[in-house]
Amino acid sequence: MFYRPASFFNAVAYHPPQVIFAGDFRDSMANAMESGVFAVNIVGASALTAMNATSARFPRGTDEFVAVGVAKADCVEIDCPRVADAPATLECRVVKEIDLLGTERMILGEVVGVHLRDDCLVDGRLDYRLYAPAARLGYQDYTFVREVVQLRRP
Ligand SMILES: Cc1cc2nc3c(=O)[nH]c(=O)nc-3n(C[C@H](O)[C@H](O)[C@H](O)COP(=O)(O)O)c2cc1C
């Protein structure tokens, strides 16, 4: 099962929406390449400890959802589990795997489905203050997004 924290994750394009994740993940990348799909689950403040627990070294084939006690649900567009109560989930189909320097690799995926948790929405839009997205800083430090400003693009 693929349920690991990934700092090296980013959205990289809008049309169609595309995301990448990268690093020296072994099982997670093998799973994504074998199944052709992966799900990106956004972590809110309340899920940070569980997220960290899933980064332990489990033997290949371990279901981290079960090992760590995180409820899972099925994705809709792809055959892949997702975190049932994640504030947001992106269902992704693998587009390609790209070799980086050393033993690092990057997987590019197309977002083919989006889940937004009902209680994180205000007037149909995600309200970040309702789940405080977790962001990794350096070292073992994290922060939570609790302050939001809006800027109009010139
Ligand atoms: C907050 C956090 C972020 C992480 N980000 C990444 C990452 O972006 N890429 C990576 O290769 N490993 C990352 N890791 C380490 C993996 O979660 C961990 O090494 C995992 O055991 C690798 O899984 P796999 O080899 O079974 O796929 C991160 C760990 C933590 C705690």
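Would you be able to tell me the number of residues in the range 14-51 that are aliphatic (A, V, I, L, M) and open to solvent by 40 Å² or more (accessible area, probe 1.4 Å)? It would help to see each step written out before you state the result.
At the first step, the residues of the range 14-51 found to be aliphatic (A, V, I, L, M) are 19-20, 22, 29-30, 32-33, 37, 39-40, 42-43, 45, 47-48, 50-51.
Checking which are open to solvent by 40 Å² or more (accessible area, probe 1.4 Å) leaves us with 33, 42.
Of the residues in the range 14-51, 2 are aliphatic (A, V, I, L, M) and open to solvent by 40 Å² or more (accessible area, probe 1.4 Å).
Examine the range 46-68 for a residue that is farther than 21 Å from VAL145 by Cα, under 13 Å from the mean Cα position of the chain (by Cα) and assigned to a strand (DSSP E or B), and state whether such a residue exists.
No, because not a single residue in the range 46-68 is farther than 21 Å from VAL145 by Cα, under 13 Å from the mean Cα position of the chain (by Cα) and assigned to a strand (DSSP E or B).
What do you reckon, is THR54 at pLDDT 95 or above, of a type in the set (Ser, Thr, Tyr) and either in contact with an Asp or Glu (Cβ under 6 Å, 6 or more places away or on another chain) or under 14 Å from PRO5 (Cα atoms) (or both)? Step through it out loud before you land on a result.
Numbers: at pLDDT 95 or above: no; of a type in the set (Ser, Thr, Tyr): yes; either in contact with an Asp or Glu (Cβ under 6 Å, 6 or more places away or on another chain) or under 14 Å from PRO5 (Cα atoms) (or both): yes.
Judged against the criteria, THR54 is not a match.
Checking MET33 against (1) within 12 Å of the ligand (Cβ to nearest atom); (2) in contact (Cβ under 8 Å) with a residue 24 or more places away in the chain; (3) assigned to a strand (DSSP E or B), which test does it fail?
(3)
Could you tell me whether LEU90 is within 12 Å of the ligand (Cβ to nearest atom) and open to solvent by less than 70 Å² (accessible area, probe 1.4 Å)?
On the way: within 12 Å of the ligand (Cβ to nearest atom): no; open to solvent by less than 70 Å² (accessible area, probe 1.4 Å): yes.
When the stated conditions are applied, LEU90 does not pass them.
Among the residues in the range 52-64, are any of a type in the set (Val, Ile, Thr) and touching a strand residue (DSSP E or B) at 6+ places or on another chain (Cβ under 9 Å)? Steps first, answer last, please.
Quick first cut of the range 52-64, residues of a type in the set (Val, Ile, Thr) only: 54, 62.
After this cut, where a residue has to be touching a strand residue (DSSP E or B) at 6+ places or on another chain (Cβ under 9 Å) as well, the list is none.
No, there is no match, as no residue in the range 52-64 is of a type in the set (Val, Ile, Thr) and touching a strand residue (DSSP E or B) at 6+ places or on another chain (Cβ under 9 Å).
Condition test on ALA6, is it surrounded by 14 or more Cβ atoms within 10 Å (Cβ to Cβ), in contact with a strand residue (DSSP E or B) (Cβ under 9 Å, 6 or more places away or on another chain), at pLDDT 95 or above and within 28 Å of GLY102 (Cβ to Cβ)?
Answer is no for this residue.
Please work out if ASP74 is over 23 Å from SER7 (Cβ atoms), surrounded by fewer than 18 Cβ atoms within 10 Å (Cβ to Cβ) and of a type in the set (Asp, Glu). Step through it out loud before you land on a result.
On the way: over 23 Å from SER7 (Cβ atoms): yes; surrounded by fewer than 18 Cβ atoms within 10 Å (Cβ to Cβ): yes; of a type in the set (Asp, Glu): yes.
Against the criterion (over 23 Å from SER7 (Cβ atoms), surrounded by fewer than 18 Cβ atoms within 10 Å (Cβ to Cβ) and of a type in the set (Asp, Glu)), ASP74 qualifies.
ILE107 versus (1) open to solvent by 20 Å² or more (accessible area, probe 1.4 Å); (2) in contact with a helix residue (DSSP H, G or I) (Cβ under 7 Å, 6 or more places away or on another chain): which is the lone unmet condition?
Condition (1) is where ILE107 drops out.
Would you please list the contacts, defined by Cβ atoms under 9 Å and residues six or more apart or on different chains, that run from a residue in the range 123-136 that is open to solvent by less than 30 Å² (accessible area, probe 1.4 Å) to a residue that is basic (Lys, Arg)?
As it stands, the answer is TYR131/ARG117; ALA132/ARG146, since those pairs meet every condition given.
Just to be sure I understand the filter: pairs with C-beta atoms under 9 Å, separated by 6 or more residues or on different chains, first member in the range 56-85 and farther than 10 Å from ALA39 by Cβ, second member of a type in the set (Lys, Arg) and in a loop (DSSP other than H, G, I, E, B). Which pairs pass?
If the second residue must be of a type in the set (Lys, Arg) and in a loop (DSSP other than H, G, I, E, B), the pairs left are ARG60/ARG26; GLU64/ARG4; ASP85/ARG117.
The values are calculated or read from the model by the stated rules, or taken from the named source; none is laboratory data. Keep in mind the model is a prediction, meaning the values are calculated, not measured. Backbone-built Cβ (ideal geometry, glycine too); neighbour counts: all protein chains shown. Just the protein is used for accessible areas: all its heavy atoms, side chains included, with ligands, DNA and RNA removed. Shrake-Rupley method; radii C 1.70, N 1.55, O 1.52, S 1.80 Å.
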